[in-house]
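S.K.: Here it is: the structure, laid out below.
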Amino acid sequence: MKKTFRRSGNSGALAWFFHRLTAIYLAVVLLIHFAVMHFIGDGTLTYDKVAARLVSPGWKILDILFLYTGLYHGLYGLWNLLEDYIHNAFWRAFIYFILAFGGFALVTLGTITIVNFRG
Amino acid sequence: MELEKTYHKYDVIIVGAGLAGERAALAAASSNLKTAVITKVYPTRSHSGGAQGGISAAIGNVDPEDSLEAHMWDTVKGSDFLGDQDAIELFVEEAIKTIYEYEHMGVPFSRLPNGKIAQRPFGGHTYRRACYSADKTGHVLLHTLYEQCVKHQVSFYNEFLVLSLMLTDGQASGIVAWDLRNGGLHIFRTKAVLFATGGYGRAYKITSNALSNTGDGLATVLEAGLPVEDLEFVQFHPTGYYRQGILVTEGARGEGGHLLNGEGDRFMKKYAPERMELGPRDLVARSIWTEILEGRGIDGKDYVYLDLTHLGAEKIMERLPQIRDLAISFVGVDPIKDPIPIQPTAHYSMGGIPTNKRGEVIKDAQNTVVPGFYAAGEAACVSIHGANRLGTNSLQEASTFGRIAGNNMTEYARKADFLPVDEKAIKRAEDKVRRLLENDGKTHHYDYKKELQQTMYDKVWIFRNEKDLKEAASIVKGLEEDFMKNVKIDDKGMLFNLDLQEALEVHNLLTFSQIIIAGAINRKESRGAHYRTDYPKRDDKNWTKHTLAWRAEDGSIKFDYKPVVITKYQPTERKY
Amino acid sequence: MKKTLEIFRYNPEKDEKPYFKTYEVEVYEGMTLLDALNHIRWEQDGTLTYRRSCRSAICGSCAMKINGKTYLACKTQMMDIKSDHVKVEPLPGYEVIKDLVVDMDNFFDKLKRVKPYHITHTPPPEKERLQSPEDFHYINEAADCILCGACVSACPSAWADKEYLGPAALLKAYKFCADTRDEGADERLAIVNDRNGVWRCHYTANCMDACPKDIKITDFIARLRNMLVQDKL
């Protein structure tokens, strides 16, 4: 039988479970995000307002989690889709690498930006 | 042309993977015998799965007053006093064991509110004793047995067609089969053989049977010089979907369905005032056919209605979902809203390979056993069903006698040795295949089948008479003679040759159909499913006996008769 | 009314590669695709090869690809096919043996991997084990499966990974795990708790579309996952 590339590790149950957990977190945070951005206050968005919020440590934590969960959720979903349509082991490995590397890069970049943001 | 030959050796060989075959295989395999099952289709495709309504046993979950005596009496009366009463007595007792055994194997039975197995009424049964699983009882039993066979590591030879039975010095020594998938003869040497090859509805134009039900086992046994029993008794199921003949379970009437003629009349009140639609099958089928012959079919045509509309959507969806699904798919009728057009359909063979109640095949009227040869299920004739089978007794018979025959075969095979091969049987098998592959005839095998099925439908159907039967006999004999000279197959390859398979099956149909007809000509009485308009009464004095028929190599047929075993119940008039 | 059938043909004994052959059939009320195939076999071309048996949607022999969708030939009415042109191909995802006949061995082998039989440790009672009608109802639909293979054939995850157990085997596992009488759920759940087991299902839900018995297979796979998650929590 043809060998196909698959990630190492366990059954996939945890990955799947995190996908569901992140979905719940994302749903809640997205609601907060929309409320704060568009419905609370006078509704006008300015750089100053957003910057002011991002300076507070609480918001930093919320946004970093937002970034991690969003990326995980999106990339896991994308990989799931691609896995069904890419049958070749090499291309699977390649795409998986791109996704993993891209995800890692975005996580790093995003974390640095949020942590170091001073307004 | 040289055909490739492959040899195998197994302690026991079972031909057929329906309920009887799989149950027997389970008996052998769980006793650690090297067991192989030869089957024409994948095991879960066997036609036991087509049975819908239920499996009988007097466990009394719904009607506590039910008893072994009642089940026995119903079966004897249903058989029109042709069933062997010693075998029936054993059958009704063992039936109960079979049900609990199935339940313990995990069969999903429909349940009563108290958690016990549910039971529904069925034609000819005095009490509610049909255990069921919605309307797919045979299907769940077949799959459960297959699962058990997987667990016990039975070897299955899927898509192998049996060609001949090997007998060495009068003892069974193996079989020869054709490998459909790759081509080639396979010679299976064994200590004991069991035939569970099912019925032969395909001899008829309108039948509830699968395309695979071509009575291969019967033809094979006849060619080996052994007799068959009571083949003139063919059950016509009252309710098949109009035109296709596909089965509508008797459970539909058990749940309260009505039969209506073209005048909107519940005509069964004329024929079975007490039991109405739940009379035995021979009676209900004859009643429907009488209505049709007398012009009271729907719009004067050859069908009547099975009306379920008054049962309500909920009951139909819960108890008869498959029936509804098939009615929509096959006749474009939703039974919740409209009545289903139905007609009688060739359904079951009461006769078959004669066996005693241990499942051992016998070869004459003195009940002489053929050592090492067993048969069970529809292919066999024990005889439980006599001249007419009651609904739900067939699943039960296949299971119970599959087990009994399987156990006895196991015991036999433990002590027996392998015998030398039967060269004549190998030659016979080889000739069959080579003749078809090498012959340059001009008539496609289907043309023979078509004419046979039409003849059987026109002349050997629900109402029979001497003139029609004799005509049929000469037509079918002529067909077989012509077949041997002029048959043609389009496909001459080795790989999955369906054309070859069907041609071999047609030859089988032609072989035993002549015995059905000849048996029907001889039996000058009306009993159960065999109804002669020229002899409309049962003749207990001359005909309370089983037909045994042999076929000589030149095609001539020889008969003998063997007495019915009567223990408790003397024949009386049969009223419903 | 006439309809044309464009049928996939391939006999490795003599054909270098597969091709399509066109047949014309007179269609009548009530004619199924299986009837049409039989008509071609019996009246026009005896070499056309396919599997068939019960013709009443219970044996599961005749699943094939019909105008792009997998379904049973015997349960497809010719009149109901909107187009006058019917393209018939073997079940995708399996190796072709000849014409419309595919190799199902792998399908059955996978089934055998999930311990597809009733497992109990406590000795059975003298009579039946009790089960409520509700608990029966819970396994009844899954027991409808006829092992035709259409679901596996319609599943993109099964196309991608030959090792994936596939919807039919998972449904079988569910049937036993959900049975209140069965005591083998732990063993079976341990088998399906695998990258090529329940977690390989991506809810494409093609299997439900393809199922000729209308079994909600994807839902049942989801329930298997729930059993696993609840087990772990």
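S.K.: Just to verify a result, which residue in the stretch B:227-252, among those that are in a loop (DSSP other than H, G, I, E, B) and open to solvent by 10 Å² or more (accessible area, probe 1.4 Å), is nearest to the other protein chains (Cβ to nearest Cβ)?
M.R.: Checking each candidate, the answer is B:R243.
S.K.: Contact list please: Cβ distance under 6 Å, first residue in the stretch B:218-235 and on the phi > 0 side of the Ramachandran plot, second residue among the small types (G, A, S), pairs at least six apart or on different chains.
M.R.: What qualifies is B:D230/B:G351.
S.K.: Taking B:V140, is it more than 7 Å from every other protein chain (Cβ to nearest Cβ) and either modelled with pLDDT under 95 or under 27 Å from B:A27 (Cα atoms) (or both)?
M.R.: When the stated conditions are applied, B:V140 does not pass them.
S.K.: Scan the stretch B:434-454 and give yes if some residue there is closer than 28 Å to B:R358 by Cβ, hydrophobic (A, V, I, L, M, F, W, C), modelled with pLDDT of 95 or more and part of a helix (DSSP H, G or I), otherwise no. Explain how you work it out, then say what you get.
M.R.: If we filter the stretch B:434-454 for residues that are closer than 28 Å to B:R358 by Cβ, which is where we start, we get none.
No, the stretch B:434-454 contains no residue that is closer than 28 Å to B:R358 by Cβ, hydrophobic (A, V, I, L, M, F, W, C), modelled with pLDDT of 95 or more and part of a helix (DSSP H, G or I).
S.K.: While we're on this one: I want to confirm something. Restricting to the stretch C:39-71 and keeping residues that are polar (S, T, N, Q) and more than 8 Å from every other protein chain (Cβ to nearest Cβ), which single residue is farthest from B:T443 (Cα to Cα)?
M.R.: Keep residues of the stretch C:39-71 that are polar (S, T, N, Q), which gives C:44, C:47, C:49, C:53, C:56, C:61, C:67, C:70.
This time we only want the ones that are more than 8 Å from every other protein chain (Cβ to nearest Cβ), so: C:44, C:67, C:70.
Working: C:Q44: 13, C:N67: 33, C:T70: 35 Å.
Checking each candidate, the answer is C:T70.
S.K.: From the set of residues in the stretch C:72-101 that are in a strand (DSSP E or B) and within 12 Å of another protein chain (Cβ to nearest Cβ), which is surrounded by the most Cβ atoms within 10 Å (Cβ to Cβ)? Let's see the steps before the verdict.
M.R.: Taking the stretch C:72-101 and keeping what is in a strand (DSSP E or B), we get C:72, C:77, C:85-89, C:96-98, C:101.
Narrowing the set further to residues that are within 12 Å of another protein chain (Cβ to nearest Cβ) leaves C:72, C:77, C:96-98, C:101.
Values: C:L72: 29, C:Q77: 17, C:V96: 18, C:I97: 21, C:K98: 24, C:V101: 23.
Among residues in the stretch C:72-101 that are in a strand (DSSP E or B) and within 12 Å of another protein chain (Cβ to nearest Cβ), the one surrounded by the most Cβ atoms within 10 Å (Cβ to Cβ) is C:L72.
S.K.: Only residues that are farther than 15 Å from C:I58 by Cβ and among the hydroxyl-bearing types (S, T, Y): list them for the stretch B:145-156, please.
M.R.: Within the stretch B:145-156, the subset farther than 15 Å from C:I58 by Cβ is B:145, B:147-156.
Matches in the stretch B:145-156: B:S155 only.
S.K.: Which one of the conditions (1) open to solvent by 10 Å² or more (accessible area, probe 1.4 Å); (2) part of a loop (DSSP other than H, G, I, E, B) does B:P335 fail to meet, given that it meets all the rest?
M.R.: For B:P335, the exception is condition (1).
S.K.: Test of understanding: among B:L26, B:L90, B:L82, which residue is among the hydrophobic types (A, V, I, L, M, F, W, C) and open to solvent by 20 Å² or more (accessible area, probe 1.4 Å)?
M.R.: B:L90
Residues are listed down the side, and each one gets a yes or a no for (1) of a type outside the set (S, T, N, Q); (2) within 30 Å of B:F418 (Cβ to Cβ); (3) surrounded by fewer than 24 Cβ atoms within 10 Å (Cβ to Cβ):
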site: B:I38; (1), (2), (3): yes, yes, no
site: B:H47; (1), (2), (3): yes, no, no
site: B:G60; (1), (2), (3): yes, no, yes
site: B:D66; (1), (2), (3): yes, no, yes
site: B:H71; (1), (2), (3): yes, no, no
site: B:G78; (1), (2), (3): yes, no, no
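S.K.: Check whether at least one residue in the stretch A:3-20 is of a type in the set (D, E, K, R) and either modelled with pLDDT of 80 or more or farther than 30 Å from C:S157 by Cβ (or both), and report yes or no. Don't jump to the end; show me each part of the working.
M.R.: At the first step, the residues of the stretch A:3-20 found to be of a type in the set (D, E, K, R) are A:3, A:6-7, A:20.
Still in the list and also either modelled with pLDDT of 80 or more or farther than 30 Å from C:S157 by Cβ (or both): A:20.
Within the stretch A:3-20, one or more residues are of a type in the set (D, E, K, R) and either modelled with pLDDT of 80 or more or farther than 30 Å from C:S157 by Cβ (or both).
S.K.: Among the residues of the stretch B:188-205, how many are buried (at least 24 other Cβ atoms within 10 Å of the Cβ) and in a loop (DSSP other than H, G, I, E, B)?
M.R.: Count: 6.
S.K.: Would you mind telling me which numbered condition in (1) at the interface with chain B (Cβ under 8 Å from one of its Cβ atoms); (2) surrounded by fewer than 17 Cβ atoms within 10 Å (Cβ to Cβ); (3) assigned to a loop (DSSP other than H, G, I, E, B) C:T180 fails?
M.R.: If we test C:T180 against (1) at the interface with chain B (Cβ under 8 Å from one of its Cβ atoms); (2) surrounded by fewer than 17 Cβ atoms within 10 Å (Cβ to Cβ); (3) assigned to a loop (DSSP other than H, G, I, E, B), just (1) comes out false.
S.K.: Okay, moving on. Can you work out which of the residues in the stretch C:196-227 that are of a type in the set (G, A, S) and either touching a Phe, Trp or Tyr at 6+ places or on another chain (Cβ under 9 Å) or within 18 Å of A:R20 (Cα to Cα) (or both) is nearest to the other protein chains (Cβ to nearest Cβ)? Break it down into steps so the answer makes sense when it comes.
M.R.: Here is the first cut: in the stretch C:196-227, the residues of a type in the set (G, A, S) are C:197, C:205, C:210, C:222.
Restricting the remaining residues to those that are either touching a Phe, Trp or Tyr at 6+ places or on another chain (Cβ under 9 Å) or within 18 Å of A:R20 (Cα to Cα) (or both) gives C:197, C:210, C:222.
Details: C:G197: 7, C:A210: 16, C:A222: 11 Å.
Filtering the stretch C:196-227 for residues that are of a type in the set (G, A, S) and either touching a Phe, Trp or Tyr at 6+ places or on another chain (Cβ under 9 Å) or within 18 Å of A:R20 (Cα to Cα) (or both), the one nearest to the other protein chains (Cβ to nearest Cβ) comes out as C:G197.
S.K.: Output the number of residues of the stretch A:22-46 satisfying the condition of being without any contact (Cβ under 8 Å) to a residue 40 or more places away in the chain and under 30 Å from C:R195 (Cα atoms).
M.R.: 3
S.K.: Need the failing condition index for B:R281 against (1) modelled with pLDDT under 90; (2) under 30 Å from B:Q514 (Cα atoms); (3) surrounded by 20 or more Cβ atoms within 10 Å (Cβ to Cβ), just the number.
M.R.: (1)
S.K.: Looking at A:L54, A:L67, A:L30, which is the one that is closer than 19 Å to A:I114 by Cβ, away from chain C (no Cβ under 14 Å), part of a helix (DSSP H, G or I) and touching a Gly at 6+ places or on another chain (Cβ under 7 Å)? Walk me through it before giving the result.
M.R.: Details: A:L54 fails: touching a Gly at 6+ places or on another chain (Cβ under 7 Å); A:L30 fails: touching a Gly at 6+ places or on another chain (Cβ under 7 Å).
None of the others qualify; the one that does is A:L67.
Matching residues to (1) modelled with pLDDT of 95 or more; (2) more than 25 Å from B:R189 (Cα to Cα); (3) buried (at least 24 other Cβ atoms within 10 Å of the Cβ):
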residue	(1), (2), (3)
B:I323	no, yes, yes
B:P339	yes, yes, no
B:M350	yes, yes, yes
B:G359	yes, no, yes
B:A365	yes, yes, no
B:T368	yes, no, no
B:F373	yes, no, yes
B:E378	yes, no, yes
B:H385	yes, yes, yes
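S.K.: Looking at the stretch C:126-167 only, could you name the residues that are facing chain B (nearest Cβ under 10 Å), open to solvent by 30 Å² or more (accessible area, probe 1.4 Å) and in a loop (DSSP other than H, G, I, E, B)?
M.R.: C:E126, C:K127, C:L130, C:S132, C:E141
S.K.: Limited to the stretch B:99-110, what total is found for residues that are at the interface with chain C (Cβ under 8 Å from one of its Cβ atoms), surrounded by 22 or more Cβ atoms within 10 Å (Cβ to Cβ) and within 19 Å of C:Y138 (Cβ to Cβ)? Please lay out each step first, then the result.
M.R.: So in the stretch B:99-110, the residues at the interface with chain C (Cβ under 8 Å from one of its Cβ atoms) come out as B:99-100, B:103-106, B:108-110.
This time we only want the ones that are surrounded by 22 or more Cβ atoms within 10 Å (Cβ to Cβ), so: B:99, B:103, B:106, B:108-110.
If we keep only those that are within 19 Å of C:Y138 (Cβ to Cβ) as well, we get B:103, B:106, B:108-110.
Counting residues in the stretch B:99-110 that are at the interface with chain C (Cβ under 8 Å from one of its Cβ atoms), surrounded by 22 or more Cβ atoms within 10 Å (Cβ to Cβ) and within 19 Å of C:Y138 (Cβ to Cβ) gives 5.
S.K.: Still on this model: Of all residues in the stretch C:49-67, how many are out of contact with any Phe, Trp or Tyr (no Cβ under 8 Å at 6 or more places or on another chain), without any contact (Cβ under 8 Å) to a residue 60 or more places away in the chain and open to solvent by less than 10 Å² (accessible area, probe 1.4 Å)?
M.R.: Final tally of qualifying residues: 3.
S.K.: Being in a loop (DSSP other than H, G, I, E, B), of a type in the set (V, I, T) and under 18 Å from C:E6 (Cβ atoms) is the filter here; which residues of the stretch C:40-65 pass it? Give the derivation first.
M.R.: As a first pass, look at the stretch C:40-65 and keep what is in a loop (DSSP other than H, G, I, E, B): C:45-62.
Narrowing further to those that are of a type in the set (V, I, T): C:47, C:49, C:58.
Within the stretch C:40-65, C:T47, C:T49 qualify.
S.K.: May I ask you to list pairs of residues, at least six apart or on different chains, whose Cβ atoms are under 7 Å apart, with the first in the stretch A:47-66 being in contact (Cβ under 8 Å) with a residue 40 or more places away in the chain and the second being outside any helix (DSSP H, G or I) and surrounded by fewer than 16 Cβ atoms within 10 Å (Cβ to Cβ)?
M.R.: A:A51/A:G119; A:A52/A:G119; A:L54/A:F117; A:V55/A:F117; A:V55/A:R118; A:V55/A:G119
The values are calculated or read from the model by the stated rules, or taken from the named source; none is laboratory data. Source: prediction; values computed, not measured. So basically every Cβ, Gly included, is an ideal-geometry build from the backbone, and we count neighbours across all protein chains shown. Areas reflect the complete protein model, heavy atoms only, side chains present, ligands, DNA and RNA absent. Shrake-Rupley method; radii C 1.70, N 1.55, O 1.52, S 1.80 Å.
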